[in-house]
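Heads up: the structure comes next, in structure tokens.
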Amino acid sequence: MIPAFTRAEVRRAEARQVRAAHAEGDPDRLMRSAARAVAEEVKDVLADHRPAFPDGKTEPRVCALVGGGDNGGDALYAASFLAQQGVSCTAVCLSPRVHERARTAAEEQGVACLPAHALAEGEPLRSSPGLVEALSCPIWIDGICGTGLVGGIREPLASRLRELEGIRSERGARVVAIDAPSASSGDDGGIEGPLLKAERTVTMGAMKSLLALPPASRAAGRVRVHELGLDMGPSTVALLEESDAAALIRVPGPEDHKYTRGVAGLVAGSQTYPGAGLLATLGAQGAGPGMIRLDAPTRVADLVLAAAPGVVTRGGRIQAGLVGPGMDDETRQAARELAGFAASSGLPLIIDAGGLDLVPELRDKGIGEFTVLTPHAGEAAALLGALGRTTPRWWVEDHPAEAARILAREAGARVLLKGAESLLATPDSRILVTPRGSAWTGVAGAGDVLAGFLAGLAAGWKADQERGLPTRDFNALIAAGVMIHALAGAAAAGSRGPLGGPIGALDIARALPPVLGRLLAVPAGGADPVGY
Ligand SMILES: NC(=O)C1=CN([C@@H]2O[C@H](COP(=O)(O)OP(=O)(O)OC[C@H]3O[C@@H](n4cnc5c(N)ncnc54)[C@H](OP(=O)(O)O)[C@@H]3O)[C@@H](O)[C@H]2O)[C@@H](O)CC1
Ligand SMILES: Nc1ncnc2c1ncn2[C@@H]1O[C@H](COP(=O)(O)OP(=O)(O)O)[C@@H](O)[C@H]1O
């Protein structure tokens with residue numbers, strides 16, 4: 001698990017270190033350490049860089065974009081270190097005041113500092129031949145602003161950022177951001193106004209929540225944390241890693257049988273949407289519960305039994321419930337009954353798709369301690385409206401973490417807000433982030449597979465709890481399920497070609513067992529973070 005903190009939390013922790021560095025008579029110690037990490041990252045980009053510019057220049061050239069704060073100081077020191085190692089560097093200063101000692105260090109290594117701030121307002125960066133030359137560098141360091149940005153970005157910097165982003169996307173410059181991409185983003189990942197998109201970000205001291213939460217996380221690219229030995233407290237946001245997911249899957253032993261491994265009860269599929277019953281069932285089966293009980297119309301049951309003959313279509317004891325996939329008016333009552341039973345019995349309950357309509361009445365009767373709502377952005381907006389917090393879909397898409405938190409609080413249940421990155425929010429405002437999956441996964445029925453998979457995992461979790469076995473963290477288990485589903489989507493798409501290829505929901509369901517099996521072999525703490 002990678003904890004992610006607000007900028008204020010990191011700045012507070014950093015301040016103690018900065019005071020210590022001042023007391024030692026070396027005020028820039030942390031800054032130089034940060035700059036060395038940035039220089040290393042730039043060298044890593046240079047190592048695999050093939051010149052892509054029409055000028056055909058091949059020597060390593062880097063342009064540092066420098067703002068008026070310590071973020072700019074980091075960039076200047078990074079440029080000085082790179083220049084010392086033979087990399088040709090130019091600094092483009094966007095503020096009349098830049099960090100003096102860092103500027104001196106850069107100039108001593110032959111880094112030219114170009115005064116972009118001296119251009120008149122409205123005069124484009126491209127009007128200066130020196131700036132055109134500097135910005136033609138294939139690699140940029142973004143030291144315009146980091147954690148010190150206050151409020152929305154003011155003019156003239158806002159216009160300069162728009163210009164720079166235009167040049168970057170036109171020329172394909174590869175940006176290494178220092179601490180965070182230059183943008184006005186909230187700690188919850190919402191972005192207002194212009195931004196400079198990075199391919200990589202080297203963040204100082206600790207992971208920041210804005211680098212973990214979409215849409216801001218998408219502007220940060222691959223994030224590396226440069227440790228500064230900060231003393232951080234607990235965080236409300238965390239990113240799940242593969243090794244976490246691996247540790248949460250329980251491998252059955254000789255003492256296990258079908259009841260010890262959990263029974264998942266599904267109300268899924270209908271005359272109107274028969275396929276959802278099959279997809280949810282195959283999803284559940286992929287999680288390895290001991291048994292699946294399916295309550296569905298005969299047409300759906302026949303379809304499911306042809307593919308999964310072990311499924312039981314009679315009622316009986318269950319350890320987790322799923323309602324919603326493929327629900328229509330005919331199956332609504334069965335869904336309502338299962339949801340009410342699970343909620344009142346303390347069983348894990350997954351509520352997906354059409355079943356989300358049941359949430360207002362469930363909330364009023366008691367929604368259950370282990371209930372997970374699994375809306376996509378449109379369903380989340382509709383549910384927020386039904387709970388009295390009318391919110392357009394676009395706002396949910398632009399502020400997914402905030403929306404998920406509000407919904408979890410209003411509903412009194414966990415909310416898994418699905419999207420390219422899926423976020424699990426708890427009613428007490430914590431968020432678990434799962435890595436971005438393959439965009440090929442966004443097909444009809446993929447959510448049915450996920451809902452079934454989560455119900456299968458939850459049934460095993462509850463069975464363990466009933467037997468008094470050490471309980472696994474329920475939130476982390478649900479997030480692990482989301483990660484495994486995303487990996488299955490990526491594996492299915494990846495089998496089509498190097499850039500992936502079209503898949504159906506059935507392909508995701510079929511990929512779940514081998515992906516889960518592969519994950520079990522991941523050593524504790526041994527895997528790289530995926531997709532962040
Ligand atoms: N402390 C340390 O030892 C360490 C700190 N570290 C580094 O320092 C960074 C924090 O540095 P910081 O606090 O100086 O702020 P920073 O991100 O450079 O931004 C300030 C600049 O932004 C500008 N600006 C602000 N708001 C604005 C707005 N709305 N619209 C427009 N402009 C606005 C502001 O302009 P001004 O308001 O002064 O005119 C100023 O020019 C941190 O992210 C990390 O990289 C690391 O080296 C580790 C050690
Ligand atoms: N761009 C994307 N990248 C990765 N995964 C995606 C993307 N878009 C959607 N998904 C995933 O696909 C699934 C779609 O679920 P959902 O919208 O409920 O579909 P359905 O209701 O048709 O089953 C979710 O797990 C979601 O996270």
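For segment 339-439, the relative contact order is 22 percent, taking Cα pairs closer than 8 Å that sit 6 or more residues apart in sequence and dividing their mean separation by the residue count. Would you please classify the overall shape of segment 380-532 from the alpha carbon gyration tensor, given that a ≥ b ≥ c denote the square roots of the eigenvalues, rounded means a/c under 1.5, and beyond that prolate means a/b larger than b/c while oblate covers the rest? Verdict is oblate for segment 380-532. I need the Kirkwood Rh of segment 240-349: take the reciprocal of the average 1/r across all distinct C-alpha pairs and report it in angstrom. Final number for the Kirkwood radius of segment 240-349 is 14.5 Å.
Each of the GluC sites (Glu not before Pro) that DSSP puts in a loop and that has at most 12 other Cβ atoms within 10 Å breaks the chain; the longest unbroken stretch is 331-532.
If R0 equals 45 Å, the separation of the Cβ atoms of residue 473 and residue 307 corresponds to a calculated FRET efficiency of about 0.90. Of all DSSP-defined beta bridges confined to the chain, some 20% are antiparallel rather than parallel.
Over the chain, dividing the summed -39,500 (n - 2.57) contributions of all DSSP H runs of at least 4 residues by the number of residues returns a 222 nm mean residue ellipticity of -13500 deg cm²/dmol. Of the trypsin sites (Lys or Arg not before Pro) found in segment 103-170, those that fall in a DSSP loop while having at most 14 other beta-carbon atoms within 10 Å are 154. For segment 113-189, the relative contact order works out to 40 percent when only alpha carbon pairs closer than 8 Å and six or more residues apart are counted. Between the beta carbons of residue 364 and residue 329, assuming R0 = 25 Å, the FRET efficiency works out to 0.70 to the nearest 0.05.
Computed over segment 457-513, the quotient of the alpha carbon radius of gyration and 2.2 N^0.38 Å is 1.46.
Hydrophobic long helices, here whole DSSP H runs in the chain with Kyte-Doolittle means of at least 1.0 and Cα atoms spread over 15 Å or more along the helix axis, are found at 474-494, 505-520. The simple spin-label model puts a point 7 Å past each Cα toward its Cβ; for residue 127 and residue 154 those points are separated by 2.2 nm.
The residues 259, 273, when put in order of fewest to most other Cβ atoms within 10 Å, stand as 259, 273.
Taken along the Cα-to-beta-carbon direction at a fixed 7 Å, the label points for residue 390 and residue 466 span 4.5 nm. Shape verdict for segment 348-390, please, from the Cα gyration tensor: rounded (a/c under 1.5), prolate (a/b greater than b/c) or oblate. Judged from the Cα gyration tensor, segment 348-390 comes out oblate (a/c at least 1.5, b/c at or above a/b).
Only beta bridges with both residues in segment 181-241 are counted; by DSSP, about 40 percent of them are antiparallel.
With neighbour counts taken as other beta-carbon atoms within 10 Å, the residues 341, 370, 453 rank, fewest first, as 341, 370, 453. Mean sequence separation of contacting Cα pairs (under 8 Å, at least six apart), scaled by the length of the chain, corresponds to a relative contact order of 13 percent. Please enumerate, by chain and number, the lysines with C-alpha under 17 Å from the C-alpha of residue 462, excluding those fewer than 8 residues away in the same chain. Cross-link targets: 258. Distances between every pair of Cα atoms in segment 25-172, grouped in 10 Å steps from 0 to the bin holding the largest one, split as 12, 44, 36, 9, 0 percent. Over the chain, the reciprocal of the mean inverse Cα-Cα separation, the Kirkwood hydrodynamic radius, stands at 24.9 Å. Shown for 461, 440: other C-beta atoms within 10 Å of each C-beta, ranked fewest to most, produce the order 440, 461. Of all beta bridges that DSSP places with both ends in segment 290-442, some 35 percent have antiparallel geometry. Once you reduce segment 246-284 and segment 409-477 to the center of their Cα atoms, the two points are 14 Å from each other. Overall, the chain carries a charge dipole of about 560 debye about its Cα centre when +1 sits on the Cβ of Lys and Arg and -1 on the Cβ of Asp and Glu, all other atoms neutral.
Read the figures in this text as sums done on the coordinates, not as results from a lab. Source: prediction; values computed, not measured. FYI the Cβ positions are ideal-geometry reconstructions off the backbone, even for glycines, and counts take in every protein chain you see.
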